[in-house]
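In what follows, a single structure is set out as structure tokens and then discussed.
Values in this text are rule-based calculations from the coordinates and carry no lab data. What you see is a predicted model, and the numbers here were worked out from it, not measured in a lab. Using ideal geometry, Cβ is built from the backbone for each residue, glycine included, and neighbour counts are taken over all protein chains shown.
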Amino acid sequence: PIACAAAAGLPIVDGDAMGRAFPELQMVLPGLIGVSNSPMALADDKGNTIVVEAVDNHAAERIARAVCVELGCQISCADTVLRGDQLADGLVPATLTLAGRLGAAVREARAAHTDPVAAARAMLSGIPLLTGKVVDVVRRTEGGFARGRARLEGIGDDAGRVLELDFQNEHLLATRDGVTVATTPDLICVLDSETGSPVTTEGLRYGLRVSVLAARCDPRWISPGGLALTGPRYFGYDVDYLPFGEEARTSFGEEARTS
């Protein structure tokens, strides 16, 4: 959208429909207020184009995913058309501004030779989950998704601890020493420990030193409708959504509850 707006000389709305990343097209806040994903325009880099008119948002996702796989697992799409009076209820406001501020905070920390991960954590009001080294990554392509699990072993203050990350294109579940510590729809962010740069699920590889944070999602995602769309059970995990910060309160006791 930013590139299209720049090329067309049009303004862009400072907000987005997720407030994070999700792997499926129907996982957007406009869907919670009844906005349809379709008509949906799909195109690949060779000039093939398809317009999808689906009966519901889940059907649109399945059709578009099949088209994406057939066209080489990479397409562009335009979908989920909103009226101006739906923007407040359908978008997370000021996320483009937040992205700019977050990037600036990390760059300034690098320039000042301070901790860029701490700068990112402060900007996101995040909770640290583990700092460690990636020791194993298992991933597979299935149904147009990159699915898998990464295993991290703690270093420094986290030595002796193990964090496992389950992902489907995006990080969805974090388990530390066998205990669930963060779940979708809250954000699980993996950062390069030295630079503060984000590490995507595709970028995870053996030996990387990373810091993992949890950050709070938009509150609309933890409504019953939001959790039905994006909670851990939707993705097949046999756990319920863990309210943000609850694991920390359980682990660290009254001091955490009152701080």
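Here the Karplus curve 6.51 cos²θ - 1.76 cosθ + 1.60, taken at θ = phi - 60°, turns the phi angles of segment 230-240 into couplings of 9, x, x, 5, 4, 8, x, 8, 8, 9, 8 Hz, with x standing for Gly and Pro.
Normalising the average separation of contacting C-alpha pairs (under 8 angstrom, six or more residues apart) by the number of residues puts the relative contact order of segment 54-183 at 14 percent. Taking Cα centre as origin and charging only the Cβ of basic (Lys, Arg, +1) and acidic (Asp, Glu, -1) residues, the dipole magnitude of the chain rounds to 340 debye.
Quick note on segment 1-141: its Rg to Rh ratio, both from C-alpha atoms and Rh being the Kirkwood radius, is 1.03.
For segment 85-140, a simple Cβ point-charge model (Lys and Arg +1, Asp and Glu -1, everything else neutral) yields a dipole of about 360 debye relative to the Cα centre. Distances between every pair of Cα atoms in the chain, grouped in 10 Å steps from 0 to the bin holding the largest one, split as 7, 26, 35, 24, 8, 1 percent. For segment 140-222, the relative contact order works out to 20 percent when only alpha carbon pairs closer than 8 Å and six or more residues apart are counted. Computed per residue of the chain from DSSP H runs no shorter than four, each worth -39500 (n - 2.57), the mean residue ellipticity at 222 nm is -7500 deg cm²/dmol. Dipole magnitude for segment 80-177: computed about the Cα centre from +1 point charges on Lys and Arg Cβ and -1 point charges on Asp and Glu Cβ, it is near 240 debye. Scalar couplings 3J(HN,Hα) for segment 167-181, obtained by applying the Karplus form with A = 6.51, B = -1.76, C = 1.60 to θ = phi - 60°, are 9, 9, 6, 10, 5, 10, 8, 10, 10, 10, 6, x, 10, 5, 10 Hz; x denotes Gly and Pro. In this simple spin-label model, placing a label point 7 Å from the Cα along the Cα-to-Cβ direction at both residue 85 and residue 97 gives a separation of 2.5 nm.
Cα centroid separation, segment 32-52 to segment 56-126: 18 Å. The order of the peptides 234-240, 92-98, 162-168 by mean Cβ neighbours within 10 Å, most packed first, is 162-168, 92-98, 234-240. The phi torsions of segment 189-204, fed into the Karplus equation with coefficients 6.51, -1.76 and 1.60 and a -60° offset, translate into couplings of 10, 10, 10, 4, 5, 8, 9, x, 5, x, 10, 6, 4, 5, x, 5 Hz, rounded to whole numbers, with Gly and Pro shown as x.
For residue 161, the residues whose modelled amide H falls within less than 5 Å of its own, excluding neighbours fewer than 5 places apart on the same chain, are 154.
For the chain, averaging the sequence separation of C-alpha pairs within contact (under 8 Å, six or more residues apart) and dividing by the residue count gives a relative contact order of 16 percent.
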